[in-house]
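Just below is one structure, and these are the notes that go with it.
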Amino acid sequence: MGMKDKFQDKSEQWQEQAKQKAQQAREQGQQRGQEQGQQRGRPGQEQGQQQRGKPGERMRDEETERLQREEQDRFDQDYDI
């Protein structure tokens, strides 16, 4: 396995870990929102929090894509002659 393959595998591992952590954070946020909604007795609040979560997810996706592009650019620069 060449150096390029090793770096690519490591990059994919980091990307997968980032996705898993983002998913865990999303789930924890939803759980907290549901708990707060139950404590306050406002069922409509849960729906509002889910709607507000969507732009945040988009931001995370954009951030992840940006980081992936930067990482790929650095990787490509290392192997350009």
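The values are calculated or read from the model by the stated rules, or taken from the named source; none is laboratory data. Quick caveat: nothing in here was measured; it's all calculated off a predicted structure. No Cβ is skipped: glycine too gets one built from the backbone with ideal geometry, and neighbour counts run over all protein chains shown.
Quick notes
- Top-ranked residue in the range 56-81 [being surrounded by 11 or more Cβ atoms within 10 Å (Cβ to Cβ) and modelled with pLDDT of 85 or more; ranked as farthest from residue 10 (Cα to Cα)]: 63
- Candidates 33, 53: the one that is surrounded by 12 or more Cβ atoms within 10 Å (Cβ to Cβ), of a type outside the set (D, E, K, R), over 16 Å from residue 11 (Cα atoms) and modelled with pLDDT of 65 or more is 33.
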